[in-house]
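Presented below is the structure to which this report refers.
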Amino acid sequence: MPETKMLEQYAELALRTGVNLQHNQKLMINSTIEGATFTRIVARKAYELGAKDVHINWTDDELTRLKFEYADQDVLAEVPEWKVKMYDTFAEEGSAVLSIRATDPDLLKGIDPAKIAAANKAGAQAMSNFRNYTMNDRIQWSIVAIPIDAWAQKIFPDEPAEQAKEKLWEQIFSIVRVDQDNPVEAWQEHNDILAQAREFLNRRQYHTLVYKALGTDLKVQLPKNHIWKGGSTTTEKQNIPFNANMPTEEVFTVPHKYGVDGVVSSTKPLNYGGNLIENFTLTFKDGKVVDYQAEKGQDTLQHLLDTDDGARRLGELALVPHHSPISQSGLIFYNTLYDENASCHLALGKAYPNSLQGGSDMDEADLDQNGVNHSLTHVDFMVGSGQLDIDGVLADGSPEPLMRKGNWAIEFE
């Protein structure tokens, strides 16, 4: 394990800048038993910051794997009512929610994709109310990651477990700015830079983005009155700032669910439900995936796309410069939290309603009429590279270079 000082700095960053825990506020932590040491540090720090209560939801990869191996599909498709009620109650009480991710990218390798799909769909249906709290920023929530043996050795396969974990800790501390003199201040400066990008894009109000790269020729229309977000955001009513993802290098908005046409190719593996989907291509027509291919994980990709009607449409597009710290590390992390922040990405499935002016107050029919997608799933996949060019097309049809060779082609005013 790293020095206690570094772990404490990481824990404090997750609490102060991630969820921005308030005095006398409850905190729910989702974590793995392999991360027990760090989770205890986070809990202690939370109480020191004035948390009213800290509740931990523990998971264990080995037990998860055993259940998928031996349980019937109908059992995997059941979500206990008490679990749903627990999450809903914490959300209704205005609790902060911190997820500490540490999962084997190959956890469910060899498991029947139909079982995984059934479990994912059931979980999404059961947690739909709770997801409305997070996707509309009605509560503070954040995701951070810590190494475990299996994840570290997936990234550094030639290293023994301990050395691999040590290397991954170093990468995490660097990428999340924990190794800087004042990590909280460093994040404020970083959020200010992302704010400049989103403010520029909100002023431009592009009608369409055009993506060009090897294997990619895609046009994505944006809804009228779309909102670009990125970096820190604020809760819907209390205006409490927080960072939902740590790390984050993206600015993102909502694509028009009926306005996507062309072909896009993935540039990094997608870890979906404990299985990897690699080198895949999606073909869109009128916003819907009408064809798809994957060199690895074709069945898993099919089950993802078949989750529901909305799973074949886009719910997010995000712009990330190729010179981001994660990209410059030269590593593939096999973890969406990290890989998506190395690369421009898109997401299949549900859109963030608050990425449209007034979207948080719209019902599903109104959101659909405005081009905002609805689905049980939301899965980011990476499409950026050092070869990606993106043009922004204004309402009058005139194009502007937005990104060239994966990096910004404009200066933010």
Query - Residue, farthest from A294 (Cα to Cα), within segment 232-282, restricted to residues that are modelled with pLDDT of 95 or more and small (G, A, S) - result: S232
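With Q140, Q171, Q125 as the choices, which residue is over 30 Å from K350 (Cα atoms) and at pLDDT 95 or above? Full working, then the answer.
On the way: Q140 fails: over 30 Å from K350 (Cα atoms); Q125 fails: over 30 Å from K350 (Cα atoms).
Just one listed residue meets the conditions, Q171.
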Query raised in the report: Residues in segment 1-41 that are within 21 Å of I148 (Cα to Cα), more than 19 Å from the chain's Cα centre (by Cα), not in a helix (DSSP H, G or I) and not charged (D, E, K, R): how many?
Result: 2
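Any idea which residue in segment 206-252 is surrounded by the most Cβ atoms within 10 Å (Cβ to Cβ), counting only those that are among the acidic types (D, E) and within 27 Å of R177 (Cα to Cα)?
It comes out as E250.
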Query - Residues within segment 194-209 that are touching a strand residue (DSSP E or B) at 6+ places or on another chain (Cβ under 6 Å), outside any helix (DSSP H, G or I) and not hydrophobic (A, V, I, L, M, F, W, C), tallied - result: 3
Query raised in the report: Would segment 43-57 turn up any residue that is touching an Asp or Glu at 6+ places or on another chain (Cβ under 9 Å), of a type in the set (V, I, T), surrounded by fewer than 22 Cβ atoms within 10 Å (Cβ to Cβ) and at pLDDT 95 or above?
Result: no
Report summary line: By residue number, the members of segment 168-198 that are crowded, with 20+ Cβ neighbours inside 10 Å and either of a type in the set (D, E, K, R) or in contact with a His (Cβ under 8 Å, 6 or more places away or on another chain) (or both) are R177, R198
Query - Number of the condition not met by R404 [criteria: (1) crowded, with 18+ Cβ neighbours inside 10 Å; (2) modelled with pLDDT of 95 or more; (3) closer than 25 Å to A195 by Cβ] - result: (1)
Query raised in the report: When you look at L201, is it crowded, with 16+ Cβ neighbours inside 10 Å, closer than 27 Å to Q238 by Cα and modelled with pLDDT of 95 or more, yes or no?
Result: yes
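The values are calculated or read from the model by the stated rules, or taken from the named source; none is laboratory data. Not measured: the values here are computed from a predicted model. For neighbour counting, all protein chains shown are included, and Cβ atoms are generated from backbone atoms with ideal geometry for every residue, glycine included.
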